[in-house]
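The values are calculated or read from the model by the stated rules, or taken from the named source; none is laboratory data. This one's a predicted model, so the numbers in the text were calculated from it and none came from an experiment. Virtual Cβ from ideal backbone geometry, glycine too; neighbours counted across all protein chains shown.
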Amino acid sequence: MSLLKLNERSTSYRDNQDFATLKGKHTMSLKKQYLKSKPLCKVTFRLNAEAAQDVKEAALCGDFTDWKTQPLTMKKLKSGDFTLTVDLEKDNEYQFRYLLDGEKWENDWEADAYIPSPVSIEDNSVVRV
């Protein structure tokens, strides 16, 4: 089962073996680096080439962008992975999703949590910092 086809509520996949298999491949990840001098955390969002498949562009939308129509563009690496680092205020949680090729929404399956979206039947990914 392709990760990009997992487009239903994420809670339905948490106990599913397909989800466990995909999660075991580390297809996505969140890396957090807390700053000592400021109340910020540098969060690196990563979507790997296997999860991205034939995607040409990936973008990041979330509470930290006010879900703007112009999301944050992720950088495509030589490996085919997409990555982006964002400074987020500590002691908060933020909902987010990836926008693939400007038309397909996808969650991060390594997120800290999932919350039902207020605008669709799908969940949003959550990062806690």
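Does Thr85 satisfy the criteria of being polar (S, T, N, Q), surrounded by 12 or more Cβ atoms within 10 Å (Cβ to Cβ) and without any contact (Cβ under 8 Å) to a residue 40 or more places away in the chain? No. Applying the set (1) in contact (Cβ under 8 Å) with a residue 24 or more places away in the chain; (2) part of a strand (DSSP E or B) to Lys31 leaves exactly one unmet item: (1).
Is there a residue being touching a strand residue (DSSP E or B) at 6+ places or on another chain (Cβ under 6 Å), surrounded by fewer than 14 Cβ atoms within 10 Å (Cβ to Cβ) and not aromatic (Phe, Trp, Tyr) anywhere in the range 62-72? No - not one qualifying residue is present in the range 62-72.
Could you list, in sequence order, all residues of the range 35-57 that are surrounded by 13 or more Cβ atoms within 10 Å (Cβ to Cβ) and either more than 15 Å from the chain's Cα centre (by Cα) or farther than 19 Å from Val126 by Cβ (or both)? Explain how you work it out, then say what you get.
Step one: of the range 35-57, the residues surrounded by 13 or more Cβ atoms within 10 Å (Cβ to Cβ) are 40-52, 55, 57.
Across the range 35-57, the qualifying residues are Leu40, Cys41, Asn48, Ala49, Glu50, Ala52, Val55, Glu57.
Filtering the range 88-108 to residues that are of a type in the set (S, T, N, Q) and surrounded by fewer than 16 Cβ atoms within 10 Å (Cβ to Cβ) leaves only Asn92.
Which members of the range 34-69 meet the condition of being aromatic (Phe, Trp, Tyr) and free of Cβ contacts under 8 Å to residues at least 40 places away in the same chain? Passing the criteria: Phe64, Trp67.
Each row is one residue, and each column tells you yes or no for (1) of a type outside the set (D, E, K, R); (2) at pLDDT 95 or above; (3) over 23 Å from Ser117 (Cα atoms).
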{"position": "Ser10", "(1), (2), (3)": "yes, no, no"}
{"position": "Lys23", "(1), (2), (3)": "no, no, no"}
{"position": "Leu40", "(1), (2), (3)": "yes, yes, yes"}
{"position": "Glu50", "(1), (2), (3)": "no, no, yes"}
{"position": "Thr69", "(1), (2), (3)": "yes, no, no"}
{"position": "Lys75", "(1), (2), (3)": "no, yes, yes"}
{"position": "Leu84", "(1), (2), (3)": "yes, yes, no"}
{"position": "Gly102", "(1), (2), (3)": "yes, no, no"}
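Scanning the range 84-106 for residues that are farther than 27 Å from Leu35 by Cβ and of a type outside the set (Gly, Ala, Ser) gives Leu99, Leu100, Asp101, Glu103, Lys104, Trp105, Glu106.
Checking the structure you have, find out if any residue of the range 114-125 is surrounded by 14 or more Cβ atoms within 10 Å (Cβ to Cβ), hydroxyl-bearing (Ser, Thr, Tyr) and within 13 Å of the chain's Cα centre (by Cα). Yes, the range 114-125 contains at least one residue that is surrounded by 14 or more Cβ atoms within 10 Å (Cβ to Cβ), hydroxyl-bearing (Ser, Thr, Tyr) and within 13 Å of the chain's Cα centre (by Cα).
Criterion first (over 16 Å from Lys31 (Cα atoms) and not aliphatic (A, V, I, L, M)) does Asp87 satisfy it?
Numbers: over 16 Å from Lys31 (Cα atoms): no; not aliphatic (A, V, I, L, M): yes.
It is false that Asp87 is over 16 Å from Lys31 (Cα atoms) and not aliphatic (A, V, I, L, M).
Okay, residues lined up against (1) closer than 17 Å to Ala51 by Cβ; (2) among the acidic types (Asp, Glu):
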residue	(1), (2)
Leu72	no, no
Asn92	no, no
Tyr98	yes, no
Asp101	yes, yes
Glu106	yes, yes
Ser120	no, no
